[in-house]
Every structure is written in C-alpha cells, then in structure tokens.
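In what follows, a structure is listed as structure tokens, so that the remarks can point back to it.
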Amino acid sequence: MASARTVKGDDRLDVLIGGGGYVGLSLAVALKQADPAIRVALVDLRQRAEMEKDPRASAIIAAASRMLDRLGVWQEILPHAEPIMEMIVTDSKLRDLVRPVFLTFEGEVAPGEPFAHMVPNGKMVASLADRAASLGVEIVAPDAVTDFRNVDAGVEVTLRSGKTLRSSLLVAADGVRSRLRDLAGIQTVKWEYGQAGIVTTVSHKRPHMGRAEEHFLPSGPFAILPLKDNRSSLVWTETQEEAEKLVKGDEFTFELELERRFGHHLGEIKLAGPRHAYPLGLTLARSFVKPRFALAGDAAHGIHPISGQGLNLGFKDVAALAEVLIEARRLGQDIGALDVLEKYERWRRFDTFRMGVVTDVLNRLFSNDSDALRAVRDVGLGLVDRMPFVKRFFIRQAAGLTGEMPRLLAGEPI
C-alpha cells in the first residue's frame with residue numbers, strides 16, 4: 001500500500017483504523033471524501049500486494065454497490081463484477097437424483113439494477129486502496145496495534161514497530177478474531193457450528209446466465225455463485241472433519257465429491273482456484289463501542305455465510321459510522337466521545353443481532369437430515385414462491401434497501 005504522507009508519532013490523528021481490509025479501507029475513504037480535513041490513518045499487518053492476491057469473490061448487495069459508487073470505486077470494479085440475475089433454492093438429500101426447485105427470485109431490485117454482484121476480492125481491495133491513497137489516507141503497513149490507552153481526551157496507540165500514535169478515535173476493523181476487541185475488554189456471544197465453509201472457484205462448459213443457486217443439503221448449504229468467463233464461486237458447507245479431508249485430499253477425489261453436489265447442468269466442471277476451508281460459527285460483540293473505541297465489520301459480528309451477508313453487514317457499519325462521525329464533526333462535537341459513538345451502536349446493533357439470529361435459525365433448520373423438518377420447510381418455501389409481494393420484500397431486504405438506511409447506502413453523499 002502507498003500513502004501521500006507518513007504518520008509521525010507526534011501527529012494527532014482524528015481516526016486511526018486497525019485493519020486494512022475492505023471495511024477499514026472503505027471507512028477511511030468515506031471519511032476523507034466527506035471531510036478532506038479529517039486526519040485518518042490505517043494500520044495493517046499485510047502489504048497491499050498480499051491482499052490483492054486473494055482469489056476469493058464476494059457477493060456485494062445493491063446497497064453496498066451504491067455506496068462503493070458514491071465512494072468513487074464502483075465504476076472501476078464493475079467490469080470485473082458479475083451481476084446475479086436470478087437465484088434458485090433447492091432442498092434435497094445428497095443421494096436424490098432430482099433436486100426440485102422450491103423457490104426462485106428474480107435478480108433486479110430496479111430496472112437495470114441487480115440485487116447483487118459477485119466481485120473478485122483482489123480487485124475490490126485494489127480499487128479501495130488506490131482511492132484511499134488518492135485522498136491522502138495515511139497507511140502504515142506492515143504493522144499492527146499492540147496496545148492502547150485513553151489519555152488527554154484521546155487514545156494513545158502503541159504499534160508493533162514501537163511507534164506511538166495519538167488519535168481521537170480508534171476503530172477496530174481487524175476481523176472476527178479481533179485482537180483490538182480483546183484489548184478493549186469487549187465480550188462476545190459466541191458458539192461454533194461444527195461446520196466449515198469450503199471456498200473455491202470452478203470453471204464449467206456451459207454459461208450460468210447470471211444464476212445463483214443455493215442447494216440445501218443435510219450437511220449444510222452448497223452455494224454456486226456466478227463469476228465472469230464461465231466460472232462460479234463455491235461456498236460449500238460440510239462438517240469440519242469432512243471439510244478438512246476434502247481440502248487436504250487429492251484433486252481427483254475433491255472433484256468427484258464436488259460433482260455429486262454441483263450436478264451436470266453446466267457441463268464439465270474443473271477446479272479453477274485454490275481450496276480453503278474456514279470454521280463456521282456465530283460471534284456477536286456484546287457492545288460495539290467504548291470511549292474512544294468502536295468496532296466495525298467482522299470484529300463486531302461474524303455470522304454464517306448461509307445468507308451471503310457477512311461483508312455487506314460490514315459495509316453497513318461503515319456507512320453508519322462514517323455518517324455519525326462526520327455529522328458530529330460538523331456540529332463541533334468530539335468524535336471519540338461515548339455519546340457520539342452510541343448513536344452508531346444504536347443504529348447498527350439491532351440489525352446485526354437480527355441477522356445473526358436469522359442465519360443461525362436458517363442453518364439449524366436446513367442443515368439436517370430430518371424428513372419431517374424437510375417437509376415443513378419445503379411447504380414454506382413453496383408458499384413463499386407463490387406470493388410475489390413476499391418475494392419482492394425478501395429480495396429488497398437481501399439487497400439492503402429496507403429500513404433506516406445511511407445515506408451512503410442510498411447512493412447519497414454524507
């Protein structure tokens with residue numbers, strides 16, 4: 001990563017962000033774009049080149065793409081993004097020869113606006129990093145926050161390199177296993193599912209036509225998400241033990257098991273990227289803020305990927321936190337004061353808790369081999385499929401276009 005200038009130890013920052021991924025970078029861009037005078041620095045252990053090598057892709061909902069457009073990066077990302085034009089949901093056992101479709105969603109929330117796009121992670125982080133550098137965001141990498149304490153109406157931060165920085169506010173955007181959250185003494189509600197999500201990319205002979213598929217299988221959801229050039233991104237849920245065997249095993253066995261779940265509707269399939277498995281669980285921070293300190297992204301909430309909303313929840317945090325901080329500065333308020341930060345917590349906590357509960361219930365409801373539960377849920381899916389107004393509500397909900405939206409998510413300036 002590069003920046004316009006170097007942070008000096010005796011400089012006083014307005015906002016210091018711990019974590020240089022999508023959430024940290026987009027928050028830095030949002031703040032600097034809204035108020036060029038605000039001093040924002042970002043600290044991350046990784047170099048930009050390392051993050052750009054991320055082979056994965058993420059589902060970016062319509063509200064998030066509107067925000068990225070407002071931040072000046074979406075037009076650069078868009079040629080690499082694949083719109084999701086349709087989504088289907090099936091529910092079956094692995095051995096079933098036929099997988100009936102119980103639910104279908106059209107992919108547009110408005111004419112010409114898909115409810116989501118699949119975006120390569122490497123391209124997204126590169127675009128955000130370029131935009132941050134062009135705005136003068138100060139980036140310290142590779143480095144990390146090792147300690148901090150509140151002093152003189154600010155926070156004093158110690159870095160691994162030995163450097164000390166002072167800021168009005170420290171934002172933790174360092175992931176679900178956040179060290180900064182632990183240092184702040186913020187407790188979490190947490191449990192493991194005994195599942196792992198296998199993430200990889202495949203190529204196939206036939207075009208997917210922008211269709212996403214969610215197959216509910218006894219071990220968990222198997223999602224096929226469209227990418228450019230006759231490729232698809234997979235999020236494949238298995239028991240942790242089985243997932244480790246599949247990822248560590250030979251490619252031939254992996255492709256055989258993959259074909260059993262993927263099917264033959266897109267022709268011959270082949271691995272087109274590395275295989276990774278990530279343990280799945282639910283992590284919700286008991287509070288999002290303390291004086292001079294705020295959580296954002298996975299540091300505040302880690303949810304099951306069954307809804308594809310994890311990264312998008314982080315972008316919602318960014319939009320809300322940036323709006324609260326910029327409005328506080330315009331009113332002459334202390335942006336690190338607890339009463340200011342609590343406005344952000346009130347705005348985001350319920351939505352986060354609700355999404356955590358929804359994904360938890362869905363995972364428990366669909367990740368099992370109970371014939372009785374399958375009959376009940378299939379009736380429910382079939383009923384929803386026959387009610388267009390309910391489907392329209394669900395698709396707008398999935399696109400992030402309901403409720404009290406921060407301005408950035410509506411594509412408006414702060």
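Worth a mention:
- Taking residues in the range 385-398 that are free of Cβ contacts under 8 Å to residues at least 12 places away in the same chain and more than 9 Å from F105 (Cα to Cα), and partners anywhere that are among the hydrophobic types (A, V, I, L, M, F, W, C) and assigned to a helix (DSSP H, G or I), the pairs with Cβ atoms closer than 8 Å and at least 6 places apart or on different chains are V390/V384.
- Inter-residue pairs, beta-carbon under 7 Å, first farther than 18 Å from L16 by Cα and in the range 304-322, second aromatic (F, W, Y), 6+ apart: H304/Y193; L311/Y22
- Qualifying residue in the range 154-170 (condition: in the same structural domain as L341 (by TED's automatic domain parsing), under 24 Å from the mean Cα position of the chain (by Cα) and modelled with pLDDT of 95 or more): yes
- Count of the range 380-401 residues which are assigned to a helix (DSSP H, G or I) and surrounded by 11 or more Cβ atoms within 10 Å (Cβ to Cβ): 15
- Residue within the range 267-283 that is over 26 Å from L227 (Cα atoms), buried (at least 24 other Cβ atoms within 10 Å of the Cβ) and in contact with a helix residue (DSSP H, G or I) (Cβ under 6 Å, 6 or more places away or on another chain) present: no
- Conditions (1) in contact with a Ser or Thr (Cβ under 7 Å, 6 or more places away or on another chain); (2) without any contact (Cβ under 8 Å) to a residue 60 or more places away in the chain; (3) part of a loop (DSSP other than H, G, I, E, B): number failed by V98: (1)
- Number of positions in the range 221-254 that are buried (at least 21 other Cβ atoms within 10 Å of the Cβ), within 10 Å of I198 (Cβ to Cβ) and not polar (S, T, N, Q): 6
- Looking at G197, G185, G249, G210, just one residue is at pLDDT below 95 and either on the phi > 0 side of the Ramachandran plot or not acidic (D, E) (or both), and that residue is G249.
- You will find that of A57, A34, A64, the residue that is in contact (Cβ under 8 Å) with a residue 12 or more places away in the chain, closer than 23 Å to I224 by Cα and either of a type in the set (D, E, K, R) or out of contact with any strand residue (DSSP E or B) (no Cβ under 7 Å at 6 or more places or on another chain) (or both) is A64 and no other.
- Selection over the range 269-299 of residues that are part of a strand (DSSP E or B) and either of a type in the set (S, T, N, Q) or closer than 23 Å to A322 by Cα (or both) gives a count of 8.
The values are calculated or read from the model by the stated rules, or taken from the named source; none is laboratory data. In this text, all values refer to a predicted model and were calculated from it rather than measured experimentally. As a convention, Cβ positions derive from the backbone with ideal geometry for all residues, glycine included, and neighbour counts pool all protein chains shown.
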